[in-house]
Amino acid sequence: MLSYIIRRVILFIPTLIIISFLAFGISVLAPGDPVERLLNASENAGIQNKAHQASLIQKKRHELGLDLPLFYFSISTLAESNKSNLSSYQAWKNYIPVIHYYAGHNQYHHWLYNIIFRGSFGISYQTQLPVVREIKARLPWSLALSFISFLLAFGISIPIGMYAARYKGRFFDKASSLLLFLLYALPNFLVATLLLVFFANPQFLNWFPESGVQDALNFNEDWPFLTKLVHWAPYLVLPIITYTYGAIALLSRQMRAGAVEIFDNEYIKTARAKGLPEGKILWKHVFRNALMPIITLFANIFPTAFVGSIIIETIFALPGMGREIYEAILNYDYPVIVAVFTIFGFLTLVGYLVADILYAVADPRISYSKS
């Protein structure tokens, strides 16, 4: 298993390089000058003369390494390389390629070096703060909501799917299927809006706060963690419900489909013929072998937990990564967008690796020793 993991990690390297190329390309090809955005040149124009403003921009470009070549090498023609020597110009030189090599003195190298060794994705155009600080401030809320909803979804959907398969064609199977299909058909923005109307509205049931994660007037940062948790809980109930209901519907149907297929196998019939209790057959023999579709979906937990939900976090005004991405797109905050894109790609690969490992844990017949 260890050798398999090492091989998979090595195979991930080309994919990570491609992801880095795409992320760097987004940052380079994005419209607008990043230095002008950082310096708010349009605001400074009224109080600074143009010469000083241009000097300030040039100094900042040099500080950020934006005056360096883009990549490790570039290709030009011999005529372009000899522009300084106009007397020796000849037309045939336009067809002779010249490769220029810049070693580590290029923008891509500095960008990648800062990410790997400094953990830096640059400065946010919108807040003028390091992107990593922005992510650290928003990420805990998305992680908390995502993992709580995933735990609830798996804890509820697995028993529903297993018993629906066990009583296939009976009342429980038909009733749960109808309810789950209805839930799955409802879009999350509609469910979120209905929850706010009926459970966070003084005209109906004003049980929960309508937005945010804490009371700005009463909340105290010095409170013990349990006190903070009690204060946060009412704010998170409706978002968690919105996060969870769709996952319950999807996972339950996947679990039922896998379990129904296992129930038709010969070894299940043999176990029943031997007189094994139905509960033991269900949870010891069927459950473990029906987990494969669920494990495949489990691989999406890491990237999904990181980015959160743009729609849900915007509706409930939650300070999570989903809302951060939404605001970054609206404000053309490309460093934040590139950082999210890069980390999302990395976490997707990690999710696939974890899923492969869980396959072997769930089914001992799967071996990676020779793969």
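Relative to the current alpha-carbon distance between residue 168 and residue 232, full extension at 0.36 nm per residue lengthens the span by 18.9 nm.
Between region 274-336 and region 1-36, how many Å separate their Cα centres? Cα centres, region 274-336 to region 1-36: 23 Å. Ligands, DNA and RNA left out, the accessible area of the chain computed with a 1.4 Å probe is 67% carbon and sulfur. Computed across the chain, the Kirkwood hydrodynamic radius from all distinct Cα-Cα pairs reaches 25.4 Å. Backbone geometry of region 192-200 corresponds, through the Karplus equation with coefficients 6.51, -1.76 and 1.60 at θ = phi - 60°, to 3J(HN,Hα) couplings of 4, 5, 5, 4, 5, 5, 9, 10, 9 Hz, x marking Gly and Pro. Give the shape of region 146-189 as rounded, prolate or oblate, defined through the alpha-carbon gyration tensor: a ≥ b ≥ c are the square roots of its eigenvalues, a/c under 1.5 means rounded, and otherwise the shape is prolate if a/b is larger than b/c and oblate if not. In terms of gyration-tensor shape, oblate.
In region 242-316, the inverse of the mean reciprocal separation of distinct Cα atoms equals 14.5 Å; this is its Kirkwood hydrodynamic radius.
Rounded to the nearest 10 degrees, the angle from helix 334-362 to the longest Cα principal axis of the chain is 40 degrees. The charge dipole of the chain, taken about its Cα centre with unit charges on the Cβ atoms of Lys, Arg (+1), Asp and Glu (-1) only, comes to about 1360 debye. Under 5 Å between amide hydrogens, built in the peptide plane, is the criterion, and for residue 77 it picks out 98 among residues at least 5 positions away or on other chains.
What the Cβ-Cβ distance of residue 9 and residue 92 gives, at R0 = 35 Å and to the nearest 0.05, is a FRET efficiency of 0.10. The mean sequence distance of close C-alpha pairs (under 8 Å, at least 6 residues apart), as a share of the length of the chain, puts its relative contact order at 21 percent.
The values are calculated or read from the model by the stated rules, or taken from the named source; none is laboratory data. Keep in mind that this is a model prediction, so the values were computed, not measured. All Cβ positions, even for glycine, are placed from backbone atoms using ideal geometry, and neighbour counts span all protein chains on display. Accessible surface areas use protein heavy atoms only, side chains included; no ligands, DNA or RNA. Shrake-Rupley method; radii C 1.70, N 1.55, O 1.52, S 1.80 Å.
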